[in-house]
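Engineer: Provided herewith is a single structure, encoded as structure tokens, for subsequent inquiry.
Coordinate-derived values only; no laboratory data. Keep in mind that this is a model prediction, so the values were computed, not measured. Neighbour counts are summed over all protein chains in view; Cβ atoms, including those assigned to glycine, are modelled from backbone coordinates with ideal geometry.
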Amino acid sequence: MKKIDTRVVHGPRHEHDPLTGAHRIPIYLTSTFVFKDTKHAERVFSGEEHGFIYSRRSNPTVEYLEEKVAYLERAEAGLATASGMAALNSLFVKLLRSGDRVIASSPLYGGTYALLELFKDRFGILVDYIPATEFHLKLESFIDDRTKLIYIETPANPTLDIVDIEKTAKISKKYGIPLAVDNTFATPIIQRPIELGADFVVHSMTKYLSGHGDTLAGIICGPADVLKPMKNKELRFLGGILSPFNAYLVLRGIKTLAVRMRKHSENAMKVAEFLHDHPKVEKVMYPGLPDHPLHEVAKKQMNGMYSGVLSFIVKGGREAGRKLLESVEIPSLAVSLGDTDSLIEHPASMTHATYSEEELRKAGIHGGLIRLSVGIEDAEDLIQDLDRALSKI
Ligand SMILES: Cc1ncc(COP(=O)(O)O)c(C=O)c1O
């Protein structure tokens with residue numbers, strides 16, 4: 001198996017278009033595909049021959065992206081979706097029935113939490129949350145006959161808490177319950193959950209995989225016997241498929257994923273160290289810092305890089321935080337992450353506003369917490385900008 005830096009560039013097979021020799025896979029902007037004759041149509045419809053029918057079922061550009069991300073995650077198959085939320089929704093619809101139980105790590109991205117709550121209210125699915133930092137220690141005591149999915153996010157959005165994937169996977173295997181990991185923050189450059197024993201990986205490809213803040217996209221990676229039939233059922237009928245143009249944007253982004261993740265990680269480490277020593281900062285949450293409570297686990301499962309997102313609390317709480325958000329010049333005050341540009345936001349009132357005050361407290365999302373997605377700008381410029389903004393508090 002080639003190294004990950006080669007794999008992000010070259011993918012599982014040549015992209016070359018056999019018809020024209022185009023070096024890059026074409027964007028097949030077509031809704032439908034023409035059959036040679038009725039016999040050909042019958043063969044493609046019956047699955048006897050590989051072919052394309054309609055872009056809601058499959059599309060060559062999207063299919064190449066699915067193969068590529070599955071190859072990077074060391075999964076058998078991939079299923080691309082219109083957004084990260086569409087990936088989660090499709091996976092939950094596939095794996096869960098009313099009365100089933102999900103055990104999830106806490107905190108989760110606000111949208112994921114809200115989606116699980118929706119499944120709870122509408123379809124009678126029970127959800128138990130265990131704090132990420134003690135997830136594998138408490139997991140077994142929550143498992144019963146109705147548990148059909150273990151779902152974790154690591155590093156967690158927005159606290160950067162870490163779940164031990166390998167230890168969690170050992171327990172999930174012991175009970176035969178699928179383990180799904182949201183790998184959005186780390187990407188396959190830094191962490192490959194399937195190699196550590198997970199069954200499914202989901203991504204918001206809106207973030208690092210596309211990397212340039214110009215598209216929404218999602219993917220589920222996992223066993224072919226689960227995902228391939230979904231293409232012709234859950235995904236085809238729920239309809240949350242990825243457009244070929246957006247698939248192209250993600251493919252383009254992935255070419256530079258390895259170099260970007262290295263730069264994001266280097267920059268975030270420098271910014272985290274600066275904030276850690278700053279007198280106006282109360283706390284910094286970044287798994288690369290030696291005093292992060294699960295730094296040793298992060299070191300073990302994250303390839304020595306810790307990605308580009310960090311959170312911090314400034315002294316003076318929410319009001320001081322507001323002042324900082326309005327004083328920085330380089331990071332944009334915006335949700336999302338994993339962009340080339342630094343983005344800064346306030347989770348309690350933005351990305352995690354789906355949590356009530358009580359739930360925020362339980363999930364460890366402090367009202368004064370600020371999340372910074374460190375871009376690939378010059379780290380010294382970012383530090384100077386933050387220093388100047390902090391001096392205004
Ligand atoms: C960890 C995580 N998972 C999933 C999602 C949802 O992805 P999307 O916005 O592409 O639907 C997000 C979005 O912020 C996220 O941060």
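Engineer: Taking the square root of 5 times each eigenvalue of the Cα gyration tensor, what semi-axes in Å does the equivalent ellipsoid of the range 1-87 have, largest first?
Structural biologist: Working: eigenvalues 131, 56, 34 Å².
Ellipsoid half-lengths, sorted descending, are 26, 17, 13 Å.
Engineer: Using only C-alpha atoms and all pairs of different ones, pull out the Kirkwood radius for the range 257-391 in Å with one decimal.
Structural biologist: On the way: mean 1/r = 0.0665 Å⁻¹.
Computed over the range 257-391, the radius equals 15.0 Å.
Engineer: If you don't mind, another one. Quick one: Karplus J couplings for the range 142-158, per residue in order, coefficients 6.51, -1.76, 1.60, θ = phi - 60°, nearest Hz, x for Gly and Pro?
Structural biologist: 9, 6, 9, 4, 8, 6, 10, 7, 10, 10, 10, 10, 8, x, 7, 8, x
Engineer: I'd like the GluC sites (Glu not before Pro) in the range 1-80 restricted to DSSP loop residues with at most 16 other Cβ atoms within 10 Å, sorted by number.
Structural biologist: 15, 48, 49, 76
Engineer: Of 374, 287, 272, which is farthest towards the positive pole of the range 257-391's charge dipole, taken about the Cα centre with +1 and -1 on the beta-carbons of Lys, Arg and Asp, Glu respectively?
Structural biologist: 287
Engineer: Are there any trypsin sites (Lys or Arg not before Pro) in the range 63-142 that are in a DSSP loop and have at most 14 other Cβ atoms within 10 Å? List them by number. Could you put the intermediate results ahead of the total?
Structural biologist: On the way: sites: 68, 74, 94, 97, 101, 120, 122, 138; in loops: 74, 97.
Counting only loop positions with at most 14 other Cβ atoms within 10 Å, the trypsin sites (Lys or Arg not before Pro) in the range 63-142 are 97.
Engineer: About the Cα centre of the chain, how large is the charge dipole given +1 on each Lys and Arg Cβ and -1 on each Asp and Glu Cβ? Please answer in debye to the nearest 20.
Structural biologist: On the way: 49 positive and 51 negative charges, 169 e Å.
Here the size comes out at about 820 debye.
Engineer: Got a sec to turn the phi values of the range 218-231 into Karplus ³J(HN,Hα) couplings, 6.51 cos²θ - 1.76 cosθ + 1.60 with θ = phi - 60°, whole Hz, x for Gly and Pro?
Structural biologist: With coefficients 6.51, -1.76 and 1.60, one gets x, 7, 10, 10, x, x, 4, 5, 9, 7, 4, x, 5, 4 Hz.
Engineer: Using just the alpha carbons, could you tell me how many Å³ per residue the convex hull of the range 216-313 encloses?
Structural biologist: 155 Å³
Engineer: Still on this model: With each label point set 7 Å from Cα along the Cα-Cβ vector, what nm distance links residue 134 and residue 233?
Structural biologist: My value for the distance between the label points is 3.9 nm.
Engineer: Under a cut-off of 27 Å between alpha-carbon atoms, report the lysines in cross-link reach of residue 280, not counting same-chain residues fewer than 8 places apart.
Structural biologist: 263, 270, 315, 323, 362, 392
Engineer: Starting at the first residue of the range 89-105, write each ³J(HN,Hα) from the Karplus equation 6.51 cos²θ - 1.76 cosθ + 1.60 with θ = phi - 60°, in whole Hz, x for Gly and Pro.
Structural biologist: My calculation for the range 89-105 gives 4, 5, 5, 5, 4, 5, 8, 10, 10, 4, x, 6, 10, 10, 10, 10, 7 Hz in order.
Engineer: To continue, here is another question. Could you name the lysines in cross-link range of residue 231, using Cα to Cα under 16 Å and dropping any fewer than eight places away on the same chain?
Structural biologist: 94
Engineer: Put +1 on the Cβ of every Lys and Arg and -1 on every Asp and Glu Cβ in the range 153-239; which of 154, 189, 172 then has its Cα farthest towards the positive end of the dipole?
Structural biologist: Checking the options against the dipole of the range 153-239, the answer is 172.
Engineer: Sticking with this one: Rule-of-thumb check for the range 4-254: C-alpha Rg over 2.2 N^0.38 Å? Numbers along the way, then the final one.
Structural biologist: Details: Rg = 18.5 Å, N = 251, 2.2 N^0.38 = 18.0 Å.
For the range 4-254, the normalised Cα radius of gyration is 1.03.
Engineer: Another question, then. Provide 342, 327, 46 in ascending order of the number of other Cβ atoms located within 10 Å of each residue's Cβ, fewest first.
Structural biologist: Lowest to highest Cβ neighbour count: 46, 327, 342.
Engineer: Is it possible to state the helix-based mean residue ellipticity at 222 nm for the chain, with each DSSP H run of 4+ residues giving -39500 (n - 2.57), the sum divided by total residues, to the nearest 500 deg cm²/dmol? What is it?
Structural biologist: About -12000 deg cm²/dmol.
Engineer: Show the residues, 5+ positions off or on another chain, whose built amide H is closer than 5 Å to the amide H of residue 182.
Structural biologist: Here 152, 153, 154, 202 satisfy the definition.
Engineer: A further question on this structure: Which chymotrypsin sites (Phe, Trp or Tyr not before Pro) from the range 223-308 combine a DSSP loop assignment with at most 12 other Cβ atoms within 10 Å?
Structural biologist: Listed in order of number, the matching sites amount to none.
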